[in-house]
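Every number in this text was worked out from the coordinates using simple rules, so none of it is lab data. Bear in mind the structure is a predicted one, so any value in this text is a computation, not a measurement. Here Cβ is always computed from backbone atoms with ideal geometry, including for glycine, and neighbour counts include all displayed protein chains.
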Amino acid sequence: MGCGTGPVCPVLATWPNVAKVVGVDPSPQLLDKASKLSKRLDRIEYVVEDGNSLQFDDGSFDVVVIHTLLTHVPGLKPYLQKHIEC
Ligand SMILES: C[S@@+](CC[C@H](N)C(=O)[O-])C[C@H]1O[C@@H](n2cnc3c(N)ncnc32)[C@H](O)[C@@H]1O
């Protein structure tokens, strides 16, 4: 969530028990760059979405990783707490 171009998705995609990583960010420009930076990894999909209005079905993910997002977008925390089991 809020993956930007950062290293979290590529690192997770190298873990042996991770089948698929979906990087979510509202910026198509950042995700375009993220795609280019991780093009050698085939288990990553990048999806343009705002964390305030997620369109994924319930139960779509086993784990949601949020890294250096909430301090930058403080209003997001209540929404995510409502929709992600912590
Ligand atoms: C400081 S960067 C962190 C990027 C990455 N998580 C990392 O650790 O390298 C914050 C990211 O949050 C994203 N972001 C901003 N508003 C957001 C929102 N409403 N929902 C999801 N992501 C958002 C930005 O586009 C940016 O990529």
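Based on C-alpha pairs under 8 angstrom that are at least 6 apart in sequence, the chain has a relative contact order of 31 percent. When each of the peptides 63-76, 41-54, 2-15 is scored by the mean number of other C-beta atoms lying within 10 Å of its residues, the order from highest to lowest reads 2-15, 41-54, 63-76. Compared with the dominant principal axis of the Cα atoms in the chain, helix 28-37 is inclined by about 30°.
Counting only residues at least eight positions apart within a chain, or on another chain, the lysines with an alpha carbon under 20 Å from that of Lys20 are Lys33, Lys36, Lys39. In terms of Cα atoms, the Rg and Dmax of the chain work out to 12.5, 35 Å.
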